[in-house]
1. Could you tell me which of the residues Gly414, Gly480, Gly404 is farther than 30 Å from Pro323 by Cα, in contact with a strand residue (DSSP E or B) (Cβ under 9 Å, 6 or more places away or on another chain) and not in a helix (DSSP H, G or I)?
2. Would region 49-58 turn up any residue that is in the same structural domain as Thr268 (by TED's automatic domain parsing), assigned to a helix (DSSP H, G or I), more than 31 Å from the chain's Cα centre (by Cα) and surrounded by 12 or more Cβ atoms within 10 Å (Cβ to Cβ)?
3. Among the residues of region 1-32, which ones are among the basic types (Lys, Arg) and modelled with pLDDT under 65?
4. Out of all the residues in region 404-414, is one or more closer than 20 Å to Leu376 by Cβ and aromatic (Phe, Trp, Tyr)?
5. Answer with yes or no whether Arg131 is surrounded by fewer than 18 Cβ atoms within 10 Å (Cβ to Cβ) and either among the acidic types (Asp, Glu) or assigned to a helix (DSSP H, G or I) (or both).
6. So in region 542-562, with the set limited to residues that are surrounded by 16 or more Cβ atoms within 10 Å (Cβ to Cβ) and among the hydrophobic types (A, V, I, L, M, F, W, C), which one is modelled with the lowest pLDDT?
7. Could you tell me whether region 216-229 includes any residue that is among the polar types (S, T, N, Q), surrounded by 14 or more Cβ atoms within 10 Å (Cβ to Cβ) and either modelled with pLDDT of 75 or more or outside any loop (DSSP other than H, G, I, E, B) (or both)?
8. Would you pick out the residues in region 57-87 that are within 15 Å of Val118 (Cβ to Cβ) and of a type in the set (A, V, I, L, M, F, W, C)?
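The values are calculated or read from the model by the stated rules, or taken from the named source; none is laboratory data. Everything numeric in this text was worked out from a predicted model, so none of it was measured. As a convention, Cβ positions derive from the backbone with ideal geometry for all residues, glycine included, and neighbour counts pool all protein chains shown.
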Amino acid sequence: MTEATRTLTGPLGPAPVRTLALCLVSTAATGAGLLLPAALGHTLDLLLTRAPATRWVLYCAGIVLLLALLDACETVLHGTLDARTTAWLRRRLTRHVLAVGPRAAARFGPGDLVARLVGNAAQAGTAPTGRAALLAALAGPVGGIVALALIDPWLAAVLLAGAPVLALLLRALARDTRDCVARYQKAQGRIAQALSEAVRGHRTIEAAGAADRETARILRPLPELSEAGHRMWRVQGRAAGRSVAVAPLLQLGVVAVAGVLLARHRLTVGEVLAASRYAVLATGVGVLVGQLAGLARARAATERLHEVLAEPAPGYGERGLPPGPGRLELRGVTARRGGRAVLDGVDLVVPGGTTLAVVGRSGAGKSLLAAVAGRLAEPDAGEVRLDGVPLRDLTHDALRRAVGHAFERPALLGGTVEEEIGLALSSPSPARVREASRTAHADDFVRRLPQGYATPVSAAPRSGGESQRLGLARAFAHGGRLLILDDALSSLDTVTEARITAALVNGGRHDGTRLLIAHRATTAARADAVAWLDGGRVRAVGRHEELWGIPEYRAVFAGEERA
């Protein structure tokens, strides 16, 4: 078992009672299966000698009935344990991906994450049942050898002579299957990621007439997937073929020796029958091949899940916020992406209760600064403080209550319009939701929807600007000391933008501190102050009309307009 498997589910998985029950039931079924040949053999001897055998016939019937009951219990436990383990893995992976945040999607890609969450979690969920079944599968051959030794040691000696060959076959199977499965699952992940990208950009693909090229790109890993799948079946086929060549020879050897011992009157006819059955159980490599292949797939899938879970999630402190106006401080903040310092030693102070617009050319680091200011991203150096408290020292709840966000493309997750606006509230009131909606100038178009605020967002036709207004309404309903708008006004018409900006600057619904990522000169002009980002550094801070005299500052907005 690999370290990833041990740390992810443990030896008994997330449902240890069910796993132990499955182990016991499987082992009991194997034990009953080992008893049956001995009982049948003894019953045959009694019948051949015309001795009373009614009781032993009933014993045999009882063992067969017990095997049927144990098999039914094993099937139920197997299915429910797989389902519970898979559900547990998916919940854990989902919580961790959400805790890690955008870094998880940036490293693995949304499509690959979905493939791991859906396919790999289902395969990894079979690990506890696979281990329980492997224990029972091993108990069969071991029990068969012990039973042969009890009948006559020579029978066990014949079988043990070929045991090293079978062990080598199983070891090679486990190693080769694991490599094939890992390649297969990685190719699946790349296809899922490419498909996810194509679905997101379907309008661009259609507009460019590039459907055929995109299809070829998505299916590019298909030959590798096919090769890995065929190789996996070849590995299992070779293992099964070799075992079929070795196992019957060992069984024939046991039967031949048993025949010699029968001729010498050292065995009875019933013992020869039992020995032939025990030889089949002791060489049951086919069952072991299937169990080992299943465990190899589960281990490879578990390691892919562990790669995601190994991505560290941000930690939180134990402090709350003292009373304060929402003063935001960035001290020596450096943040790198792809080896490049997007933010390089940024020092910035936003006085409590004021509105600061952050402007700069594309790639200057505006969105990353907004993410760092709200701790949606971690700086590589420096720290961010809110009312004198480092953000990393705050509890999760204290941080999220204090900081609200609105984005350029707000995520509307599938509830009703009212639920989406009140998403950040533990118990949103309709009055608060509607007040925030009016501040964001979304109330009019929401009321025109088929069911008003009770309309599911999936059934609410809306433009990009209307989606942004819903995102703004969510941020206004959240409240808090610090409101961060990351280009959240870009799709609004100029009149609506002017009204919302005026409401922000003049207090309106939110009377805390406002940090606006701005692309329009009109937005920057309405803010209390402007921070001009250039090359990852704050080049200047001041009123918009003061900075407007600098040609390079004016060029920032000219470039945006041309873009």
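1. Residue meeting the stated conditions: Gly414.
2. Checked region 49-58: at least one residue is in the same structural domain as Thr268 (by TED's automatic domain parsing), assigned to a helix (DSSP H, G or I), more than 31 Å from the chain's Cα centre (by Cα) and surrounded by 12 or more Cβ atoms within 10 Å (Cβ to Cβ).
3. Residue satisfying the conditions is Arg6 alone.
4. Yes, some residue in region 404-414 is closer than 20 Å to Leu376 by Cβ and aromatic (Phe, Trp, Tyr).
5. no
6. Phe557
7. Looking for residues that are among the polar types (S, T, N, Q), surrounded by 14 or more Cβ atoms within 10 Å (Cβ to Cβ) and either modelled with pLDDT of 75 or more or outside any loop (DSSP other than H, G, I, E, B) (or both), one finds none in region 216-229, hence no.
8. Ala83, Ala87
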